[in-house]
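Working notes, structure below.
What follows draws every value from the coordinates through simple rules; no lab data is involved. Bear in mind that the values here come from a model prediction, so they are computed numbers and not experimental data. Glycine gets a Cβ as well: all are built from the backbone with ideal geometry, and neighbour counts include every protein chain shown.
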Amino acid sequence: MTELQRTIEEATGALRAVAGDWLEGLATYVLVDSLDHRLVRDACAWTSPVLDFTMQSVLESHGLWEGPGFACVLSARQVGALSGDRLRRFVVGASIHELSHWLSFAEHSKAKRSTGPWSGHDVPFMRAAIYCTWRARDRHDPSLTTEDVAIAGFDYRLSNPGRYEQALSPHYGLAHQLPLRELMQLAPPTRFVELFNADASEYWRRQR
Ligand SMILES: [Zn+2]
């Protein structure tokens with residue numbers, strides 16, 4: 001087994017540890033884009049609500065199809081440039097990042113769309129990603145950070161991930177106790193929503 005295969009196996013285990021309750025009866029696919037080059041383009045990683053079905057025939061032809069579930073694709077270029085701990089952090093972090101998109105698609109489709117450099121990475125996504133990071137730290141790797149999972153911060157022109165973690169801290173205990181579906185149905189703490197709204201307003205104010 002290659003280092004990459006071992007790392008992908010580890011990431012799949014991390015996803016099952018984090019979201020086993022949501023993924024019960026579903027498959028988990030962490031793929032590298034050499035399976036289908038059209039999918040990833042310039043992104044580091046990618047998912048969609050129907051990526052499992054999009055990839056079904058490719059997976060079947062490789063004998064990898066295990067039924068519907070969560071799928072994400074990592075960029076072969078990105079993965080090929082890394083090794084050791086950096087590879088591990090990227091594969092596990094990006095898989096959890098994509099899982100967080102997948103978990104928050106339903107909430108995103110209900111919410112008012114917020115555009116900006118954070119597009120697709122606003123309140124529903126960040127909330128799912130922080131819950132998942134907390135669970136991953138507890139159940140998989142205590143050293144995993146919200147930076148590894150690429151939440152908030154300068155790339156999205158938002159406050160640092162630590163401030164978002166702090167604002168979500170009233171849910172810290174619940175994040176370890178409740179099933180993920182129930183967690184995502186809770187209203188986010190007011191402070192968490194206010195922090196995002198303040199960041200977004202500040203960004204647009206500077207653009208004027
Ligand atoms: Zn993303």
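Scanning the stretch 77-109 for residues being away from the ligand (no atom under 16 Å from the Cβ) and among the β-branched types (V, I, T) gives a total of 1.
Scanning the stretch 117-139 for residues that are surrounded by fewer than 19 Cβ atoms within 10 Å (Cβ to Cβ) and either away from the ligand (no atom under 14 Å from the Cβ) or in a helix (DSSP H, G or I) (or both) gives R137, D138, R139. Specify the residue that is farthest from the chain's Cα centre (by Cα); the eligible residues are those in the stretch 148-174 that are within 14 Å of the ligand (Cβ to nearest atom) and of a type outside the set (V, I, T). Residue satisfying both the conditions and the ranking: L158. Go over the candidates T47, T54 one by one and state the one that is out of contact with any Pro (no Cβ under 7 Å at 6 or more places or on another chain) and within 16 Å of the ligand (Cβ to nearest atom). Testing whether each residue is out of contact with any Pro (no Cβ under 7 Å at 6 or more places or on another chain) and within 16 Å of the ligand (Cβ to nearest atom) leaves just T47.
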